[in-house]
1. Pairs needed: first member in region 251-266, assigned to a loop (DSSP other than H, G, I, E, B); second member anywhere, among the aromatic types (Phe, Trp, Tyr) and open to solvent by less than 70 Å² (accessible area, probe 1.4 Å); C-beta distance under 8 Å; at least 6 residues apart or different chains.
2. Hey, Val151 hits all of (1) assigned to a strand (DSSP E or B); (2) free of Cβ contacts under 8 Å to residues at least 40 places away in the same chain but one; which does it fall short on?
3. Name, by its number, the condition in (1) outside any helix (DSSP H, G or I); (2) out of contact with any strand residue (DSSP E or B) (no Cβ under 8 Å at 6 or more places or on another chain); (3) of a type outside the set (Lys, Arg); (4) open to solvent by 40 Å² or more (accessible area, probe 1.4 Å) that does not hold for Thr118.
4. Quick one: in region 87-115, of everything that is of a type in the set (Ser, Thr, Tyr) and open to solvent by less than 20 Å² (accessible area, probe 1.4 Å), which residue is nearest to the chain's Cα centre (by Cα)?
5. Please work out if Pro135 is more than 23 Å from Trp102 (Cα to Cα), assigned to a loop (DSSP other than H, G, I, E, B) and touching a helix residue (DSSP H, G or I) at 6+ places or on another chain (Cβ under 8 Å).
6. Determine which single condition Val214 fails, assuming it passes every other condition in (1) over 20 Å from Val151 (Cβ atoms); (2) in contact with a Lys or Arg (Cβ under 7 Å, 6 or more places away or on another chain); (3) hydrophobic (A, V, I, L, M, F, W, C).
7. Would you tally the residues in region 174-188 being open to solvent by less than 10 Å² (accessible area, probe 1.4 Å) and either part of a strand (DSSP E or B) or under 20 Å from Pro59 (Cα atoms) (or both)?
8. Based on what the data block shows, is Ser270 closer than 30 Å to Leu45 by Cα, at pLDDT 95 or above and open to solvent by less than 40 Å² (accessible area, probe 1.4 Å)?
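The values are calculated or read from the model by the stated rules, or taken from the named source; none is laboratory data. Remember, predicted model here, so these are calculated numbers, not experimental data. For neighbour counting, all protein chains shown are included, and Cβ atoms are generated from backbone atoms with ideal geometry for every residue, glycine included. When the accessible area is computed, the model is the full protein with side chains, heavy atoms only, and any ligands, DNA or RNA have been set aside. Shrake-Rupley method; radii C 1.70, N 1.55, O 1.52, S 1.80 Å.
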Amino acid sequence: MMLPTATATAVFLTAAPSSFSTRRRRSRAIFASLSPSFSSSEEPLLVRAARGEDGLPRPPAWMMRQAGRYMAEYQALAKRHPSFRERSENTDLIVEITLQPWRAFAPDGVILFSDILTPLPAIGVPFDISDSKGPVIQSPVRSKEQVRELVPIDLDMLQFVGESLKILRNEIDGKAALLGFVGAPWTIATYIVEGGMTNTYTNIKSMCHTAPDVLKGLLSHLAQAISDYIIYQVNSGAQCIQIFDSWGGQLPPHVWEQWSKPYIKQGCESSWSKRSYT
């Protein structure tokens, strides 16, 4: 679990407490609370903590990845629906899997069941998931021409996410915070550049030196796409957004400061500047 402390940024970013190591903060998750900045004791505890409110009765408690193999209920559902993409792209299944751990443990945050690669087809990067290899991208993006071929995120292709969030917000009914879910630009880029999972990150690390302009263009495109995706999730009912930089921990601190942090910041600040509430 991670207990949030507020930091002074434009979008009320929160991460692990300052006592955590820098590497651990990078490799875990960042929170952005995009709700209007007013205080209300009626709001979920986690939302109030994400804003940095003082005087809360206790820290909020939640698990970053709540649904999973440890739950017999989830295992039974996965046997009936063995395709991970079906489970993460079907509204009924998303809602059911999201609610399973909340019903069992009543954490302060209810995290949308999704995947960091879910929006890739909506920007022009199709992918498959292999049982043995995990995500597979047949045409890795490594050239300036390929970056130019990427498209602005088509939110119509992600309606199952919006519908799931709307249903979940009603189901939870204010008893916990509903958390959206996105990947950080660097982490998403590792899959796009490497073509899937990797232990070495050879291609993307090499691009930092051999093709920095190409990598900057890719990360900027992803930051904009993630910004639009964040706004879409917020307008669909998400009260906070959990940003996973799963592979940020593969970078030394000074490299992370150059190649990951600015693009997380770009995406969050863009989301904040364009926010609207429905």
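1. Correct list of pairs: Leu251/Trp186; Leu251/Trp259; Ser260/Trp186.
2. (1)
3. (4)
4. Ser114
5. no
6. With (1) over 20 Å from Val151 (Cβ atoms); (2) in contact with a Lys or Arg (Cβ under 7 Å, 6 or more places away or on another chain); (3) hydrophobic (A, V, I, L, M, F, W, C) applied to Val214, the lone miss is (1).
7. Result for region 174-188: 7.
8. Taking the combined requirement at face value, the residue does not satisfy it.
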